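Engineer: Starting off with a structure, shown below.
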Amino acid sequence: MKMPSLTALGLSAAASFASLPAMAQTFFTDLEIKGQPIAGGIGFQPAATSLAEEAFWLDGFVLVIITIIALFVTALLAWVVVRYNRKSNPTPATFTHNSPLEVAWTVVPILILIGIGAFSLPVLFDQQRIPEGDVVVKVTGYQWFWGYEYPEEGIEEFSSYMIGADAGNMMTEEVSAQLAAAGYTDDQFRLATDTSVVVPVGKTVVMQITGGDVIHSWTIPAFGVKQDGIPGRLAQLWFRADEPGIYFGQCSELCGIAHAYMPITVKVVSEEDYARWVAAMQAGEIDTW
């Protein structure tokens with residue numbers, strides 16, 4: 001497959017931006033940004049799906065267990081250092097086995113792992129059991145943009161570029177104006193895209209993911225989902241967003257020189273707005289939003 005050059009990608013992105021201001025005034029300008037990275041943040045983004053809630057709870061659950069283990073081992077090491085150093089214990093013991101202790105340090109870790117597995121497997125199964133989707137979106141990762149297609153709605157593949165891709169991925173006054181026209185601030189630079197995945201709130205969305213050249217990875221942290229897109233294979237993930245809003249993600253598989261510049265934007269809207277958007281897309285009335 002012949003890949004487009006960076007120059008060609010930039011020209012294509014620039015062309016797509018031409019109609020951005022007019023279209024941004026028509027669709028989804030009042031959505032609140034719900035899922036985005038925060039400078040200096042150390043925690044997860046607010047969970048926007050049941051999958052994310054389960055995954056974040058599991059992370060906290062495991063963190064408590066490993067913290068207790070780490071504190072116990074540290075305290076045990078400190079006690080051994082103090083109690084059994086050469087000064088405190090000049091005549092060391094000569095035994096080589098302690099059967100009860102050996103049984104304990106074998107059985108206890110097994111029980112801990114069984115406990116972790118008992119809680120983690122249901123979370124994994126929820127992610128991997130793909131339900132029937134109310135909305136199906138095919139995602140194709142390219143160097144370095146995303147292609148989206150809604151096969152059941154008859155919406156052919158459209159491209160999604162980072163706002164600023166036509167400016168060498170650098171912030172300029174023109175890029176700032178493009179962000180503002182699309183309803184974003186400069187803080188969303190390298191997060192916002194010229195087109196978005198649009199899905200209805202409260203509906204099951206199935207994403208069919210592949211790669212058009214190399215391996216990419218489609219992920220939305222607030223949804224708790226991530227799936228590699230591998231050329232020649234079609235993988236799936238699903239989610240059901242609980243609240244309308246704008247959610248950002250990023251390609252999460254190193255895919256080349258511009259890997260850092262292929263973000264993802266998902267707009268979760270009401271069923272009425274989604275139907276309006278689908279009708280406009282089917283009629284070819286909009287190119288960017």
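The values are calculated or read from the model by the stated rules, or taken from the named source; none is laboratory data. None of the values given here were measured: they were computed from a predicted structure. Quick reminder, even Gly has a Cβ in these numbers, built from the backbone with ideal geometry, and neighbours come from all protein chains shown. Quick note on the areas: whole protein, heavy atoms, side chains included, nothing else; ligands and nucleic acids left out. Shrake-Rupley method; radii C 1.70, N 1.55, O 1.52, S 1.80 Å.
Engineer: Going by the conditions given, is V225 under 21 Å from E53 (Cβ atoms), touching a residue at least 24 places away in the same chain (Cβ under 8 Å) and of a type outside the set (G, A, S)?
Structural biologist: Yes: the conditions hold for V225.
Engineer: Search segment 124-153 for residues that are in contact (Cβ under 8 Å) with a residue 24 or more places away in the chain and pair each with any residue that is part of a helix (DSSP H, G or I) and small (G, A, S) when their beta-carbon atoms are under 9 Å apart and the residues are at least 6 apart or on different chains.
Structural biologist: From segment 124-153, the pairs are D126/S50; Q127/A55; W144/A165; W144/A260; F145/S12; F145/A13; F145/A165.
Engineer: Select from segment 75-86 the residues that are open to solvent by less than 90 Å² (accessible area, probe 1.4 Å) and either closer than 21 Å to I110 by Cα or at pLDDT below 95 (or both) and list them in ascending order.
Structural biologist: Scanning segment 75-86 gives L76, V80, N85.
Engineer: Find the residue count for segment 94-144, including only residues that are under 30 Å from S217 (Cβ atoms), open to solvent by 60 Å² or more (accessible area, probe 1.4 Å) and of a type in the set (S, T, N, Q).
Structural biologist: 1
Engineer: Open to solvent by 60 Å² or more (accessible area, probe 1.4 Å) and part of a loop (DSSP other than H, G, I, E, B): is that true of E272 in this structure?
Structural biologist: Here the answer is no, as E272 does not meet what is asked.
Engineer: Quick check on segment 168-175. Is at least one of its residues open to solvent by 10 Å² or more (accessible area, probe 1.4 Å), under 24 Å from L31 (Cα atoms), assigned to a loop (DSSP other than H, G, I, E, B) and at pLDDT below 95?
Structural biologist: yes
Engineer: If I ask for residues that are open to solvent by 30 Å² or more (accessible area, probe 1.4 Å) and touching a helix residue (DSSP H, G or I) at 6+ places or on another chain (Cβ under 6 Å), which ones from segment 176-196 would you list?
Structural biologist: S176, A181, G183, D186
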